[in-house]
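A short write-up of the structure that comes next.
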Amino acid sequence: LARKKLTSKRSVTKRIFDTAAAIFNACKYVAGGVAATYRALRQLSSYSASDWKVKRKEWWVVAKDVMHHYWVGTKLLWTEVKVASKYVRKSLGGKALSRR
């Protein structure tokens, strides 16, 4: 039986074109990130002291929500690891696992 080749030979021009396209896309991605950062910094610099106070409160609420989300996820992960390790110990000990 003939085996299929896992890789195919591409022409040199095709490889050069693909490399140039990848470099262009990477530059476009970086430029978009720089532009977004510039716009965000420009907006932040226009805030007054009272606006900063409001924004800090909003950011604190969001940060607390995210921290709570990760805390609950960590507790759930710990519970899952405990249950799974119990099953592994039973299985390695030669006991049969029940569906209960």
Positive-end extreme of charge dipole, region 14-100 - chosen from 60, 70, 81 (charges on Cβ): 81
By accessible area (1.4 Å), largest first, 47, 87 order as 87, 47
What part of the accessible area of the chain, given as a whole %, is carbon or sulfur when the probe is 1.4 angstrom? 65
With all protein chains present, calculate the accessible area of residue 53 using a 1.4 Å probe and round the result to the nearest 10 Å². 120
Rank these residues by their accessible area, most exposed first, probe 1.4 Å: 11, 46. 46, 11
For semi-axes √(5λ) of the Cα gyration tensor in Å, pick the label among (i) 49, 9, 8; (ii) 45, 41, 6; (iii) 25, 21, 9 that corresponds to the value derived from the coordinates. (ii)
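The values are calculated or read from the model by the stated rules, or taken from the named source; none is laboratory data. Everything numeric here is computed off the predicted structure, so don't read it as measured data. Cβ atoms come from the backbone with ideal geometry, glycine included; neighbour counts cover every protein chain shown. With ligands, DNA and RNA removed, areas are computed over all heavy atoms of the protein, side chains included. Shrake-Rupley method; radii C 1.70, N 1.55, O 1.52, S 1.80 Å.
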